[in-house]
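Here the structure comes first, spelled out in structure tokens, and everything after it is commentary.
The values are calculated or read from the model by the stated rules, or taken from the named source; none is laboratory data. None of the values given here were measured: they were computed from a predicted structure. Backbone-built Cβ (ideal geometry, glycine too); neighbour counts: all protein chains shown. Note: accessible area is taken over every heavy atom of the protein model, side chains too, but ligands, DNA and RNA are not part of it. Shrake-Rupley method; radii C 1.70, N 1.55, O 1.52, S 1.80 Å.
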Amino acid sequence: MTKSLFDSFETVSAKQWKQKIQFDLKGADYNEALIYKSLEGIDIKPFYNQEDAIENSSVAHPSTWENCLKIVVNSAIIGNQKALEAIKKGAESIHFVISQEDIDPKSLLQHITAATSVFIETKFLSPSYIQQLNDIAKEVSLNIHILTDIINNLASTGNWYKTLQEDHTALEQIIKNDRLKNKISIDIGLYQNAGATMVQQLAYGLAHANEYLNHFENTSSTSLEKAPVVFKVAVGGNYFFEIAKLRALRILWSTLAPAYNAITECHILAYPSYRNKTILDYNVNMLRTTTECMSAILGGADTIQNLPYDDIYHLENDFGTRISLNQLLVLKNESYFDLVTNPASGSYYIESLTQQMADKALSLFKNIEENGGFLKQLKSGIIQKKIKESAEKEQELFDNQKIILTGTNKYQNPEEHIPEFQKSVFPEKRVRKTLLSPIITKRLSLEIERKTINP
């Protein structure tokens with residue numbers, strides 16, 4: 001067939017559509033009746049057409065994605081056993097979170113092959129430990145990605161690991177390892193889980209990355225030219241906006257990276273947000289994480305790590321882990337979410353959201369840089385203040401049922417079963433000495449749960 005099915009129809013402009021809608025509204029105001037104003041400052045229209053789409057075909061999009069399982073490691077032998085078992089059950093990559101420096105990396109990685117990507121995040125900063133991993137990658141040809149983010153540690157705890165100078169010196173040593181796929185990461189998920197808007201998440205993530213780029217540009221012995229950075233991104237429940245957020249992130253990075261001769265491609269490791277997860281009617285979390293993983297796939301994440309439905313109140317367990325991995329396996333093998341490259345491309349709505357989000361985030365990023373950069377604004381408390389303001393607006397919408405979490409602030413189960421808590425679900429305030437105010441993460445449902453469980 002050489003003739004398009006739509007050639008027989010006349011093109012209808014946006015102006016004609018709007019005139020028709022205004023006529024049908026019979027005097028009601030178009031903007032008040034049909035325009036939705038989002039927290040991101042993006043107005044959502046009732047229709048979109050080709051005039052709204054600005055496709056960024058030059059931005060790289062992965063041809064496929066890998067599922068990933070997160071394993072918190074307190075024992076090298078147990079961590080290795082869990083990883084090998086997960087790989088047998090379909091895990092394509094493993095994210096190890098190593099708690100202590102005395103955990104032997106060789107024991108942890110034994111029998112894992114190059115077919116499985118390995119992401120390693122340490123709760124300590126140790127160039128010598130990363131050197132051991134580099135040697136292992138060289139010896140057995142493993143694909144090891146190191147998730148080092150000293151600025152995230154400062155933002156989330158209020159302190160450097162040691163001092164600014166010592167942390168940056170350690171990072172410079174880590175960057176010199178030549179057999180690792182990645183040596184540095186930018187954790188945007190912290191801002192999302194604290195309540196930042198998507199525009200803020202993108203802008204703060206870009207400014208966060210720019211601090212590293214600035215540092216290495218002034219350090220002649222190291223660079224970010226050879227290896228892409230990893231962006232860790234938390235994905236929330238606003239389905240189409242989250243797709244656009246990931247696409248906008250690639251646009252922004254490809255705009256910033258060339259200025260520093262850094263590689264223009266980035267690796268996106270996406271995972272469901274904690275902010276909208278609940279204890280009340282906790283099984284609904286499975287549905288939330290499924291749609292969030294779908295957003296991550298359609299948005300172009302390279303690696304997708306699911307969140308067990310019971311993660312906020314249970315320790316790691318076989319059932320929760322198996323279900324979270326199976327959700328991703330169903331999306332890939334039964335729903336065929338890996339057969340089309342860049343499936344969101346060409347959607348007028350998503351293309352418009354992507355461009356608007358990228359433009360607004362770039363504008364905010366420029367404002368941050370003009371006012372001293374991310375670290376300066378973090379130390380002065382400006383970043384924390386802006387995130388708190390956004391979080392309070394979102395919390396107010398949730399409290400007034402403008403944002404709904406099914407089973408929690410609406411459609412509650414009168415025969416609610418409260419699960420046994422294996423973790424502290426209601427964090428207590430701890431007074432400690434810090435260099436700056438940390439960015440605090442908080443779930444939307446926390447206060448409702450507190451009142452329901454402890455009336």
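In table form, for the structure just shown:
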{"quantity": "The one condition in (1) in a helix (DSSP H, G or I); (2) touching a residue at least 24 places away in the same chain (Cβ under 8 Å) that residue 330 fails to fulfil", "calculated": "(2)"}
{"quantity": "Matching residues in the stretch 124-138 - criterion: being open to solvent by 10 Å² or more (accessible area, probe 1.4 Å) and touching a strand residue (DSSP E or B) at 6+ places or on another chain (Cβ under 7 Å)", "calculated": "none"}
{"quantity": "Any pair with Cβ under 6 angstrom, 6 or more apart, that starts in the stretch 180-201 at a residue that is without any contact (Cβ under 8 Å) to a residue 40 or more places away in the chain and ends at one that is among the aliphatic types (A, V, I, L, M) and open to solvent by 10 Å² or more (accessible area, probe 1.4 Å)", "calculated": "none"}
{"quantity": "Tally, over the stretch 262-296, of residues that are assigned to a helix (DSSP H, G or I), of a type in the set (Val, Ile, Thr) and open to solvent by 10 Å² or more (accessible area, probe 1.4 Å)", "calculated": "3"}
{"quantity": "Looking only at the stretch 33-53, and only at residues there that are over 25 Å from the mean Cα position of the chain (by Cα) and in contact (Cβ under 8 Å) with a residue 40 or more places away in the chain, the one that is surrounded by the fewest Cβ atoms within 10 Å (Cβ to Cβ)", "calculated": "50"}
{"quantity": "For residue 304: the one exception among (1) open to solvent by less than 10 Å² (accessible area, probe 1.4 Å); (2) over 19 Å from residue 62 (Cα atoms)", "calculated": "(2)"}
{"quantity": "Conditions (1) open to solvent by 40 Å² or more (accessible area, probe 1.4 Å); (2) assigned to a loop (DSSP other than H, G, I, E, B): number failed by residue 312", "calculated": "(1)"}
{"quantity": "Some residue of the stretch 242-255 being closer than 19 Å to residue 365 by Cα, small (Gly, Ala, Ser) and at pLDDT below 95", "calculated": "yes"}
{"quantity": "Whichever residue in the stretch 315-325 is touching a residue at least 24 places away in the same chain (Cβ under 8 Å) and of a type outside the set (A, V, I, L, M, F, W, C) and, among such residues, is surrounded by the fewest Cβ atoms within 10 Å (Cβ to Cβ)", "calculated": "316"}
{"quantity": "Checking residue 108 against (1) open to solvent by less than 10 Å² (accessible area, probe 1.4 Å); (2) part of a loop (DSSP other than H, G, I, E, B), the condition it does not meet", "calculated": "(2)"}
{"quantity": "Pairs, first on the phi < 0 side of the Ramachandran plot in the stretch 98-115, second open to solvent by 90 Å² or more (accessible area, probe 1.4 Å) and not in a loop (DSSP other than H, G, I, E, B), C-beta under 7 Å, six or more apart", "calculated": "107/77"}
{"quantity": "Matching residues in the stretch 153-172 - criterion: being on the phi < 0 side of the Ramachandran plot, in contact (Cβ under 8 Å) with a residue 24 or more places away in the chain and not in a helix (DSSP H, G or I)", "calculated": "159, 160, 161, 162"}
{"quantity": "Failed item in (1) of a type in the set (Asp, Glu); (2) surrounded by fewer than 12 Cβ atoms within 10 Å (Cβ to Cβ); (3) modelled with pLDDT of 95 or more, with residue 394 passing the rest", "calculated": "(2)"}
{"quantity": "Test: residue in the stretch 240-261 that is part of a helix (DSSP H, G or I) and under 30 Å from residue 454 (Cα atoms)", "calculated": "no"}
{"quantity": "Residue in the stretch 356-376 that is polar (S, T, N, Q) and open to solvent by less than 50 Å² (accessible area, probe 1.4 Å) present", "calculated": "no"}
{"quantity": "Unique match (being closer than 19 Å to residue 268 by Cβ and either without any contact (Cβ under 8 Å) to a residue 40 or more places away in the chain or of a type outside the set (Lys, Arg) (or both)) among 175, 144, 150", "calculated": "144"}
{"quantity": "The lone exception for residue 436 - which of (1) among the hydrophobic types (A, V, I, L, M, F, W, C); (2) under 23 Å from residue 44 (Cβ atoms); (3) open to solvent by less than 40 Å² (accessible area, probe 1.4 Å) it fails", "calculated": "(2)"}
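For every residue, the table says whether it meets (1) crowded, with 20+ Cβ neighbours inside 10 Å; (2) farther than 30 Å from residue 89 by Cβ; (3) aliphatic (A, V, I, L, M).
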| site | (1), (2), (3) |
| --- | --- |
| 140 | no, no, yes |
| 166 | no, yes, no |
| 172 | no, yes, no |
| 197 | yes, yes, no |
